[in-house]
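All remarks here apply to the structure that follows.
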Amino acid sequence: MAAWEGAQFPGKYSREHTWRFAGGAKLKASDSPLLTPEGYQDGAKLDPHKLFVATIASSHMLTWLHLALEIGIDVSKLLGFSARDHERA
């Protein structure tokens, strides 16, 4: 569940919000710094756009691990990497 509570001014509002999960976990989130006007950015909060990409990567990894197990491949470690890692290589 996503929850927002904050001050609103004409044409302006806080981008901070909280995600609440079953079991009581809470994550503080804010809009992407690329989409947020200067002065409203908070790099310490989670960016929903990056979390969307992380969700897809996590699903891909777990699917791959399941398929490896199904065909008898024993995986002891799997390291993910991003496009930035390709640029550095």
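The values are calculated or read from the model by the stated rules, or taken from the named source; none is laboratory data. Keep in mind it's a predicted model, so treat the numbers as computed, not measured. For neighbour counting, all protein chains shown are included, and Cβ atoms are generated from backbone atoms with ideal geometry for every residue, glycine included.
Of the residues making up the range 45-65, just one is charged (D, E, K, R) and either surrounded by fewer than 14 Cβ atoms within 10 Å (Cβ to Cβ) or in a helix (DSSP H, G or I) (or both), namely Lys50. Within the range 20-30, being at pLDDT 85 or above and either among the charged types (D, E, K, R) or surrounded by 12 or more Cβ atoms within 10 Å (Cβ to Cβ) (or both) holds for Arg20, Lys26.
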